[in-house]
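**Q** Have a look at the structure that comes next, please.
The values are calculated or read from the model by the stated rules, or taken from the named source; none is laboratory data. Computed from a predicted structure; not experimentally measured. Positions of Cβ are generated from backbone atoms using ideal geometry, with glycine treated the same way; all protein chains shown enter the neighbour counts. What goes into the accessible areas is simple: the full protein's heavy atoms, side chains included, and nothing from ligands, DNA or RNA. Shrake-Rupley method; radii C 1.70, N 1.55, O 1.52, S 1.80 Å.
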Amino acid sequence: MSPTTTTYLGIPGYVIFWGLFVLVLALFAQRAYKLWSLVRLGGPDSRLDGAGSRIKTMLLYVFLQKCSLRRVTPRDIAGVGHLFIFWGFMFFMVSYLIYIFIGDGLGMAELIRNSAFSIVYSYILDIAGLLVLGSILWAAVRRYIVRPVRLEPTAEAAYILALISILMLSYFSIEGFFLNISPEPSTPVRQFTANIFSGMDKSVQAGLFTGIWWLHYGLILGFLVFIPYSKHLHIMSSPFNVMFRNLKHRGALVPIDLEKTETFGVDRIEKFTWKQLLDGLSCTQCGRCQAACPAWNSGKPLNPKKVTIDLKELLLETGPSLLKMKGTGNKQPTGSEAPAGSTSTEAPHHPDMVSQVITEEVIWECTTCRACQEECPVLIEHVQKFIDMRRHLTLERSQVPETALNALKSIESRGHPWRGTTVTRTDWTKGLGVKTLAEERNVDILYWVGCTASLEDRNIKVAIAMAKVLQRAGVNFGILGNEETCCGEPTRRLGNEYLFQMLAMKNIETFKNYGVKKILTSCPHCFNTIKNEYPQFGGEFEVIHHSQFLAQLLAQGKFQIDSVPFGIATYHDSCYLGRYNDVYDQPRQIIKSIPGLKVVEMGRRRNKGFCCGGGGGRLWQEETIGERINHLRTQEALDTGTKVIATACPYCLQMFEDGLKAKNADEAVKALDLAEMIEAATAKRR
Ligand code: SF4
Ligand code: SF4
């Protein structure tokens with residue numbers, strides 16, 4: 001007995017079934033084509049390299065749900081539920097395909113019903129169905145009762161949860177009715193369901209079997225039509241988004257070809273690349289990025305999830321008219337031609353993306369900490385979009401927050417962002433016997449001091465400590481002194497790609513002139529830029545951060561460490577050292593090498609570390625909305641009961657100094673760089 005072999009008002013069931021199936025496929029294909037056309041509005045981005053790596057990523061992130069399984073909070077195991085639902089659906093999809101193409105769809109269900117494969121698969125489906133049902137119940141409790149802030153109790157989510165529940169319940173009902181109508185050995189779960197209905201009249205059961213069968217397959221077909229119009233669009237798009245992920249180093253922003261580019265940055269949705277547009281269509285709206293974002297956590301308008309969804313909606317709203325304009329050969333005016341507040345004379349109804357859709361405030365609030373990307377289960381790339389929009393604001397509209405603009409002007413005119421400093425780049429070396437390469441070029445390693453450690457009062461102490469430690473370890477090093485200039489990192493993160501490239505090329509030329517091979521930095525921002533971004537301009541050098549170098553010197557027994565009465569220390573992971581460059585262990589090895597020092601960890605650490613608030617050029621911007629990010633992070637550190645907040649970044653150090661003062665804790669707790677800690681621990685044996 002099969003609903004597809006039954007005749008309804010003279011029409012065979014399989015005709016109705018196939019008619020519906022073909023109609024649904026046509027609607028699905030039409031929508032998929034439309035979405036594909038919208039994605040193709042974006043600019044080029046070559047993502048076809050590294051096929052093996054792309055397939056591996058697909059397997060890990062889609063089939064094994066690598067990122068979903070990562071906990072947002074220590075008690076959050078929702079990813080397991082998502083894994084059950086995903087795999088449960090995969091098993092059901094396979095069963096649908098089998099039944100559509102071999103079984104019920106062609107009226108041959110009886111042929112496969114009692115095969116060995118069918119029996120084994122029945123057990124699999126039963127387990128899958130129960131796990132899906134349990135996970136859906138759990139998801140409903142989380143979304144509507146427990147309610148983590150990142151999950152919104154939307155009507156669409158309720159509809160989807162209800163739909164999946166009905167699908168699973170109808171599946172078990174169908175199997176139960178079938179067993180009562182055509183008794184045969186079956187699984188315990190099916191037998192259990194059959195027992196529930198066994199008191200009913202057989203003819204009623206047969207009618208219910210047919211009705212629920214059509215309901216079940218009708219819902220599946222309806223789901224197929226609904227998916228591309230809903231947030232569950234990610235089921236279609238996210239596997240591609242994951243597959244076409246960025247395979248270049250995550251610390252390197254995409255360069256602009258200044259020779260060939262007419263307008264800079266992105267002010268309209270279609271100026272993003274196709275991959276950036278696909279990002280929006282792939283968002284699962286899970287809110288993991290939001291939960292990790294320091295800006296959102298400190299009460300600022302920036303929410304990376306909202307930005308992603310807003311850009312997706314902008315594409316869906318304005319994309320069709322853009323496609324029409326593309327078809328007629330019309331062009332929108334370029335960003336520089338478009339007055340602020342309106343983008344186009346030909347599409348006047350399109351809002352200005354970088355002021356009305358994503359506000360300037362939001363664009364400048366990003367610290368580029370990458371916490372959002374680290375958490376995103378479908379590998380959406382948020383940071384490059386913020387930088388692209390900043391590039392437009394900076395280079396096309398000169399709309400840069402005043403304090404950041406001052407820093408940019410200072411870098412352009414004086415080679416560093418610290419206006420008002422009264423010292424020069426070499427003042428800190430007085431009495432230390434540190435040589436510049438101009439004085440002695442025959443060195444093993446160039447110590448790239450960086451603007452902040454050279455010129456900012458608190459961080460100068462780190463440069464001094466670093467030089468002393470290097471000398472104690474017998475390292476043959478030199479500095480560039482007044483030939484050192486800003487590495488360009490803040491300029492690039494503030495959107496001034498033009499200035500960045502000038503600085504990068506100047507520094508690369510200086511390195512090459514001195515035959516520099518190996519560079520030591522104490523700033524993770526300089527480290528990331530010189531190591532990962534300078535190669536874009538022909539600057540390939542061995543670059544090492546001082547935490548790595550000090551750990552190496554320790555391992556080589558280059559100095560003896562004595563105990564220092566620091567008491568308790570906690571280490572704060574710098575975003576550009578940790579999330580961007582995977583340097584997590586060496587800083588901890590250094591602290592742990594100090595005898596008698598008790599090391600405590602903050603809850604948010606390593607790749608889940610919480611930004612200090614100073615990256616992405618934020619160090620040179622006012623922070624007037626919400627709580628200060630550094631105050632939040634300082635409090636997290638203080639909550640551990642620490643006496644020392646250990647850092648490996650000049651920006652973080654400044655942020656903690658400020659945070660400790662704001663919390664009146666600067667007497668009891670010290671913020672120290674790793675170099676200062678090692679300098680103190682080796683001072684007895686100078
Ligand atoms: S990079 Fe950091 S600050 Fe920027 S949106 Fe992502 S999580 Fe928020
Ligand atoms: S951008 Fe990624 S992490 Fe954020 S809501 Fe979308 S899928 Fe989730």
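**Q** With the requirement that a residue be surrounded by fewer than 17 Cβ atoms within 10 Å (Cβ to Cβ), under 28 Å from G79 (Cα atoms) and among the polar types (S, T, N, Q), what does the range 12-65 give you?
**A** Residue satisfying the conditions is S53 alone.
**Q** Here's another thing I want to ask about it. Does P348 qualify as being modelled with pLDDT of 90 or more, open to solvent by 30 Å² or more (accessible area, probe 1.4 Å) and away from ligand 2 (no atom under 16 Å from the Cβ)?
**A** no
**Q** Let me ask something else about it. Taking the stated definitions as given, is A295 crowded, with 21+ Cβ neighbours inside 10 Å and at pLDDT 95 or above?
**A** Yes: the conditions hold for A295.
**Q** When you scan the range 411-521 for helices (runs of 4 or more DSSP H) that lie fully inside it, which ones turn up with 3 or more residues that are open to solvent by 30 Å² or more (accessible area, probe 1.4 Å), of a type in the set (K, R) and within 26 Å of H392 (Cβ to Cβ)? Can you show your working first?
**A** Values: elements: 451-455, 457-472, 489-493, 497-513.
In the range 411-521, no matching helices (runs of 4 or more DSSP H) lie anywhere.
**Q** Pull out all pairs, ordered by first then second residue, where Cβ-Cβ is under 7 Å, the residues are six or more apart or on different chains, the first lies in the range 592-613 and is small (G, A, S), and the second is within 12 Å of ligand 1 (Cβ to nearest atom) and not in a loop (DSSP other than H, G, I, E, B).
**A** Note: pairs meeting the criteria are G613/P294; G613/I629.
**Q** Give me a count of the residues in the range 69-88 that are in a helix (DSSP H, G or I) and under 18 Å from P377 (Cα atoms). Spell out how you get there, then give the answer.
**A** Start the filter on the range 69-88 by keeping residues that are in a helix (DSSP H, G or I), which leaves 69, 78-88.
Pick out the ones that are also under 18 Å from P377 (Cα atoms) and you get 69, 78-87.
Count: 11.
**Q** Could you check, for the range 225-236, whether at least one of its residues is assigned to a loop (DSSP other than H, G, I, E, B) and in contact (Cβ under 8 Å) with a residue 60 or more places away in the chain?
**A** Initial filter on the range 225-236 (assigned to a loop (DSSP other than H, G, I, E, B)): 230.
Still in the running and in contact (Cβ under 8 Å) with a residue 60 or more places away in the chain: 230.
Yes; the residues of the range 225-236 include at least one that is assigned to a loop (DSSP other than H, G, I, E, B) and in contact (Cβ under 8 Å) with a residue 60 or more places away in the chain.
**Q** Which condition number does L169 fail, the rest of (1) without any contact (Cβ under 8 Å) to a residue 24 or more places away in the chain; (2) open to solvent by 50 Å² or more (accessible area, probe 1.4 Å) being met?
**A** Looking at each condition in turn, L169 falls short on (1).
**Q** Which count do you get for residues in the range 4-58 that are assigned to a loop (DSSP other than H, G, I, E, B) and of a type outside the set (K, R)?
**A** Final tally of qualifying residues: 13.
**Q** In this structure, does I544 turn out to be under 18 Å from A438 (Cα atoms), open to solvent by less than 20 Å² (accessible area, probe 1.4 Å) and outside the structural domain of D639 (by TED's automatic domain parsing)? Even if it seems obvious, please write down each step before you answer.
**A** On the way: under 18 Å from A438 (Cα atoms): no; open to solvent by less than 20 Å² (accessible area, probe 1.4 Å): yes; outside the structural domain of D639 (by TED's automatic domain parsing): yes.
When the stated conditions are applied, I544 does not pass them.
**Q** Name every residue in the range 198-210 that is open to solvent by 40 Å² or more (accessible area, probe 1.4 Å) and in a helix (DSSP H, G or I), in order of residue number.
**A** Restricting attention to the range 198-210, the residues satisfying the condition of being open to solvent by 40 Å² or more (accessible area, probe 1.4 Å) are 198-204, 207-208.
Residues satisfying the conditions are K202, S203, V204, G207, L208.
**Q** Would you confirm whether or not the range 581-588 contains a residue that is buried (at least 20 other Cβ atoms within 10 Å of the Cβ), of a type in the set (S, T, N, Q) and assigned to a loop (DSSP other than H, G, I, E, B)?
**A** Yes, the conditions are met somewhere in the range 581-588.
**Q** Okay, next question. Working only within the range 371-417, note down all residues that are within 12 Å of ligand 1 (Cβ to nearest atom) and more than 23 Å from L499 (Cβ to Cβ).
**A** Residues satisfying the conditions are A371, C372, Q373, E374, E375, C376, I380, E381, H382.
**Q** Looking only at the range 48-59, decide whether some residue is modelled with pLDDT of 95 or more, among the aliphatic types (A, V, I, L, M) and in contact with a Pro (Cβ under 9 Å, 6 or more places away or on another chain).
**A** no
**Q** Determine if the range 259-271 includes at least one residue that is within 16 Å of ligand 1 (Cβ to nearest atom), more than 13 Å from the chain's Cα centre (by Cα) and open to solvent by 20 Å² or more (accessible area, probe 1.4 Å).
**A** No, the range 259-271 has no match at all.
**Q** Okay, next question. In the range 552-596, which residue that is at pLDDT below 95 and among the hydrophobic types (A, V, I, L, M, F, W, C) is nearest to the chain's Cα centre (by Cα)?
**A** F566
**Q** Kindly list, by first and then second residue, each pair from a residue in the range 556-577 that is closer than 22 Å to T521 by Cβ to a residue that is among the β-branched types (V, I, T) and in a loop (DSSP other than H, G, I, E, B), limited to pairs with Cβ atoms under 6 Å and residues at least 6 apart or on different chains.
**A** L577/V583
**Q** Further, regarding this structure: Provide a single number: the residues in the range 235-283 that are β-branched (V, I, T) and within 16 Å of ligand 2 (Cβ to nearest atom). Don't jump to the end; show me each part of the working.
**A** Within the range 235-283, the subset β-branched (V, I, T) is 235, 242, 254, 256, 261, 263, 266, 269, 273.
Of the ones still in play, those that are also within 16 Å of ligand 2 (Cβ to nearest atom) are 235, 242.
Summing the residues that are β-branched (V, I, T) and within 16 Å of ligand 2 (Cβ to nearest atom) in the range 235-283 gives 2.
**Q** OK, next. Being in the same structural domain as V15 (by TED's automatic domain parsing), closer than 30 Å to A292 by Cα and open to solvent by 30 Å² or more (accessible area, probe 1.4 Å) is the requirement here; does A157 meet it? Talk me through it step by step, then tell me what you get.
**A** Details: in the same structural domain as V15 (by TED's automatic domain parsing): yes; closer than 30 Å to A292 by Cα: yes; open to solvent by 30 Å² or more (accessible area, probe 1.4 Å): no.
Against the criterion (in the same structural domain as V15 (by TED's automatic domain parsing), closer than 30 Å to A292 by Cα and open to solvent by 30 Å² or more (accessible area, probe 1.4 Å)), A157 does not qualify.
**Q** Search the range 100-128 for residues being surrounded by 15 or more Cβ atoms within 10 Å (Cβ to Cβ) and in contact with a Leu (Cβ under 9 Å, 6 or more places away or on another chain), and hand back the single one that is modelled with the highest pLDDT.
**A** For the range 100-128, the residue satisfying everything is I100.
**Q** Starting from the range 286-305, keep only residues that are under 26 Å from Q65 (Cα atoms), then list their pairs with residues that are near ligand 2 (Cβ under 6 Å from one of its atoms) and among the hydroxyl-bearing types (S, T, Y) whose Cβ atoms are within a distance under 8 Å, requiring at least 6 positions of separation or different chains.
**A** Going by the 8 Å Cβ cut-off, the qualifying pairs are C289/T308.
**Q** Still on this structure, please answer the following. Provide a single number: the residues in the range 659-673 that are open to solvent by 60 Å² or more (accessible area, probe 1.4 Å) and among the charged types (D, E, K, R).
**A** Within the range 659-673, residues that are open to solvent by 60 Å² or more (accessible area, probe 1.4 Å) and among the charged types (D, E, K, R) number 4.
**Q** How many of the residues in the range 529-562 are outside any loop (DSSP other than H, G, I, E, B) and among the basic types (K, R)? Reasoning before the result, please.
**A** Going through the range 529-562, the residues outside any loop (DSSP other than H, G, I, E, B) turn out to be 529-537, 542-555.
Narrowing the set further to residues that are among the basic types (K, R) leaves 531.
Selection size over the range 529-562: 1.
**Q** Can you tell me which of T308, T343, T359, T263 is in the same structural domain as L395 (by TED's automatic domain parsing), β-branched (V, I, T) and at pLDDT below 95?
**A** Numbers: T308 fails: at pLDDT below 95; T359 fails: at pLDDT below 95; T263 fails: in the same structural domain as L395 (by TED's automatic domain parsing).
None of the other options fit; the residue is T343.
**Q** Only residues that are in a loop (DSSP other than H, G, I, E, B) and farther than 19 Å from F386 by Cα: list them for the range 239-257, please. First the steps, then the outcome.
**A** Residues of the range 239-257 that are in a loop (DSSP other than H, G, I, E, B), as a first pass: 244-257.
Of everything in the range 239-257, those that are in a loop (DSSP other than H, G, I, E, B) and farther than 19 Å from F386 by Cα turn out to be F244, L247.
**Q** Still on this model: Kindly provide the set of residues from the range 284-298 that are assigned to a helix (DSSP H, G or I) and either over 18 Å from R579 (Cβ atoms) or more than 9 Å from ligand 1 (Cβ to nearest atom) (or both), ordered by number. So that I can check it myself, show each step before the final result.
**A** Pass one, the range 284-298, residues assigned to a helix (DSSP H, G or I): 288-292, 294-297.
Scanning the range 284-298 gives R288, A291.
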